[in-house]
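K.L.:
Sharing a structure, written as structure tokens. Questions coming.
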Amino acid sequence: MKVVTTIDDLRAQVSAWKKEGLTVGLCPTMGYLHEGHASLMEHSVKDNDRTVASVFVNPIQFGPTEDLATYPRDFDHDCALLESKGVDLVFHPEASEMYADDFCTYVDIDVLSKTLCGKTRPIHFRGVCTVITKLLNTVCPDRIYFGQKDAQQLAIIRRMVRDLNFNVEVIGCPIVREADGLAKSSRNTYLSPEERKAALILSRSIRLGQDLVTGGERDSAALLKAMKDKLASEPLADVEYVEVVNGLNMQPIPTFTEGDLVAMAVRIGTTRLIDNFTVGEPSIEFED
């Protein structure tokens, strides 16, 4: 496995592969990798001749009060995981490599970025779209991989790729969970033992919502009330949002159908966690 830190070196290697007629998959990450990220690599290695993973904590998607400085990092661990999954190239740039001092060009998206996480993180998706655009322009992959846990991000990238005519296939991969149901996240490491136990209220609320949908519920207000009541039973849970939105445009809907999204963001202590399910997907299973 090769590690490069510059755009020129990244382009040179990918260009050599393309000249050989090889397909390339791209897995963008911010590092501190876990089994959820590993599943993206596994899909890419299976689908493509070569896989590139980026490990870059993107500063322009963090707001001024968010956790850029404290976001967990462990590049040695990341490389060990990536190599074990068959990744061919790791792109690990400094921020100065990605953004010149006078950088002033951004990629933004309307409508889809105004709901859910976009309400309280107004610059977040502009930062995401900008860095993904830069990676797509640099790597020109055949396929790019994202996790369904960040469902709004996935929907936004799909729309951006469509609207800007990027020649790439966007692949969404299922949420990977701990045995007790908690969605894998780099931010789980922030949780104290008490908070880690309290965080299970997210997956339990997700499962409750899925059970109601399986039972025939299609009214958004009724579904949300039940899920919010469940979340309210955990004293350490501070709910930012629970919403039902159209699966394509991320707008709230009064009734829902297969393919629509039920998503939440909840703070446990100071740690912001997200979770979701898509209507029609199999219910999650976990150990009580």
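K.L.:
Checking the a/c ratio against 1.5 first, then a/b against b/c, what shape does the Cα gyration tensor give for region 216-288?
P.N.:
Values: a/c = 1.72, a/b = 1.52, b/c = 1.13.
Cα axes put region 216-288 in the prolate bin.
K.L.:
Ok, one more. Give the calculated FRET efficiency between residue 84 and residue 194 to the nearest 0.05, with a Förster radius of 30 Å applied to their Cβ-Cβ distance.
P.N.:
On the way: r = 33 Å, r/R0 = 1.09.
The calculated FRET efficiency here is 0.40.
K.L.:
Quick one: grab the alpha carbon gyration tensor of region 172-234, order the square roots of its eigenvalues as a ≥ b ≥ c, and give me rounded if a/c is under 1.5, else prolate or oblate depending on whether a/b is larger than b/c.
P.N.:
Taking the square roots of the gyration eigenvalues as a ≥ b ≥ c, region 172-234 is oblate.
K.L.:
Further question: Beta carbons within 10 angstrom, averaged per residue: use that to sort the peptides 25-38, 94-107, highest first.
P.N.:
In descending order of packing, they fall as 25-38, 94-107.
K.L.:
Give me the percent of the accessible area of the chain that comes from carbon and sulfur atoms, probe 1.4 Å, all protein chains in place.
P.N.:
Whole-percent figure for carbon plus sulfur exposure: 49.
K.L.:
How many percent of DSSP beta bridges within the chain run antiparallel, rounded to 5?
P.N.:
50
K.L.:
Rounded to the nearest whole Å², what accessible area per residue is found for region 72-184 with the 1.4 Å probe?
P.N.:
On the way: 5210 Å² over 113 residues.
For region 72-184, the solvent-accessible area averages 46 Å² per residue.
K.L.:
A further question follows. Could you work out how much longer the chain between residue 22 and residue 229 gets when fully extended? Use 0.36 nm per residue separation minus the Cα distance between them, nm to one decimal. Before the final figure, lay out the partial values.
P.N.:
Numbers: separation 207, 0.36 × 207 = 74.52 nm, distance 5.16 nm.
Length difference between fully extended and current span is 69.4 nm.
K.L.:
5 Å is the cut-off here: which amide hydrogens, built 1.01 Å from N in the peptide plane, fall below it relative to residue 30, excluding neighbours closer than 5 in sequence?
P.N.:
Those qualifying (amide H under 5 Å, at least 5 residues apart or on another chain) are 56.
K.L.:
Another question about this same structure. Based only on Cα atoms, what mean projected area does the convex hull of the chain have, in nm²?
P.N.:
Taking the Cα atoms of the chain, their convex hull projects to 15.0 nm² on average.
K.L.:
Quick one: which residues, 5 or more positions from residue 275 or on another chain, have an amide H under 5 Å from its amide H? H modelled 1.01 Å from N in the peptide plane, none for Pro or chain starts.
P.N.:
Excluding prolines and chain starts, which carry no amide H, the hits are 264.
K.L.:
Which listed residue (248, 232, 276) has the Cα farthest towards the positive end of the charge dipole for region 210-285, taking +1 on Lys and Arg C-beta and -1 on Asp and Glu C-beta about the Cα centre?
P.N.:
Going by the charge dipole, the pick is 232.
K.L.:
Still on this structure: At 7 Å along the Cα-to-beta-carbon direction for both residue 100 and residue 167, put a label point, then send me their distance in nm to one decimal.
P.N.:
For residue 100 paired with residue 167, the spin-label model returns 2.7 nm.
K.L.:
With a ≥ b ≥ c taken as the square roots of the eigenvalues of the C-alpha gyration tensor of region 68-195, please select rounded if a/c is under 1.5 and otherwise prolate if a/b is larger than b/c or oblate if it is not? Write down the numbers at each step before the final one.
P.N.:
On the way: a/c = 1.39, a/b = 1.23, b/c = 1.14.
Verdict is rounded for region 68-195.
K.L.:
Still on this structure: Could you work out [θ]222 nm for the chain from helices alone, using -39500 (n - 2.57) per DSSP H run of at least four and dividing by all its residues? Round to the nearest 500 deg cm²/dmol.
P.N.:
Values: 10 runs with 107 residues, N = 288.
Rounded to the nearest 500, the figure is -11000 deg cm²/dmol.
K.L.:
Sticking with this one: Over all Cα pairs of region 138-288, how is the pair count split among 10 Å bins, expressed in % and running from 0 up to the last occupied bin?
P.N.:
11, 39, 33, 14, 3
K.L.:
Which residues' amide hydrogens lie under 5 Å from the amide hydrogen of residue 147, considering only partners 5 or more residues apart or on another chain, with H built in the peptide plane?
P.N.:
Amide H neighbours of residue 147, under 5 Å, 5+ apart: 173.
K.L.:
Apply the Karplus curve 6.51 cos²θ - 1.76 cosθ + 1.60, θ = phi - 60°, to the phi angles in region 59-69 and return the couplings in whole Hz, x for Gly and Pro.
P.N.:
Running phi through 6.51 cos²θ - 1.76 cosθ + 1.60 with θ = phi - 60° gives x, 7, 9, 9, x, x, 9, 8, 9, 4, 5 Hz.
K.L.:
Turning to a different aspect of this structure: How many lysine pairs in the chain, separated by 8 or more positions in sequence or lying on different chains, have Cα atoms less than 20 Å apart?
P.N.:
Taking the Cα cut-off of 20 Å, the pair count is 17.
K.L.:
Please get the size of the charge dipole for the chain, origin at its Cα centre, with Cβ charges of +1 on Lys and Arg and -1 on Asp and Glu, quoted in debye to the nearest 20.
P.N.:
440
K.L.:
What whole-number distance in Å separates the alpha-carbon centres of region 101-151 and region 211-233?
P.N.:
The distance from the Cα centre of region 101-151 to that of region 211-233 comes to 30 Å.
K.L.:
Just grab the label-to-label distance for residue 6 and residue 47, each label 7 Å out from Cα along the Cβ direction, in nm (one decimal).
P.N.:
So the label points at residue 6 and residue 47 sit 3.1 nm apart.
K.L.:
Taking only the Cα atoms of region 74-121, how large is their convex hull per residue, in Å³? If you can, show how the numbers build up before the last one.
P.N.:
Working: hull volume 8.3 nm³, N = 48.
Hull volume normalised by residue count: 173 Å³.
K.L.:
Something else about it: Under a point-charge model restricted to the Cβ atoms of Lys and Arg (+1) and Asp and Glu (-1), what is the dipole moment magnitude of region 1-155 relative to its Cα centre, in debye to the nearest 20? Kindly include the intermediate steps, with their values, before the conclusion.
P.N.:
Working: 15 positive and 22 negative charges, 96 e Å.
The dipole magnitude comes to about 460 debye.
K.L.:
Same structure, new question: Only four residue types carry charge here, +1 at the Cβ of Lys and Arg and -1 at the Cβ of Asp and Glu. Report the dipole size of region 185-280 about the Cα centre in Debye, rounded to the nearest 20. Could the numbers behind the result be given before it?
P.N.:
Values: 11 positive and 13 negative charges, 52 e Å.
The calculation lands at about 240 debye.
K.L.:
In region 216-259, which GluC sites (Glu not before Pro) are in a loop and have at most 11 other Cβ atoms within 10 Å, using DSSP for the loop call? Don't jump to the answer; show the numbers that get you there.
P.N.:
Details: sites: 217, 240, 243, 258; in loops: 217, 258.
Answer in residue order: 258.
K.L.:
Select from 29, 41, 59 the residue farthest towards the positive end of the dipole of region 17-65; place +1 on Cβ of Lys and Arg, -1 on Cβ of Asp and Glu, and compute about the Cα centre.
P.N.:
Of 29, 41, 59, it is 59.
K.L.:
If you don't mind, another one. With each label point set 7 Å from Cα along the Cα-Cβ vector, what nm distance links residue 267 and residue 288?
P.N.:
Placing both labels 7 Å beyond Cα along the Cβ direction yields 3.2 nm.
The values are calculated or read from the model by the stated rules, or taken from the named source; none is laboratory data. Bear in mind that the values here come from a model prediction, so they are computed numbers and not experimental data. Neighbour counts run over all protein chains shown; Cβ positions are idealised from the backbone, glycine included. Ligands, DNA and RNA are excluded from the accessible area calculation, which covers all protein heavy atoms including side chains. Shrake-Rupley method; radii C 1.70, N 1.55, O 1.52, S 1.80 Å.
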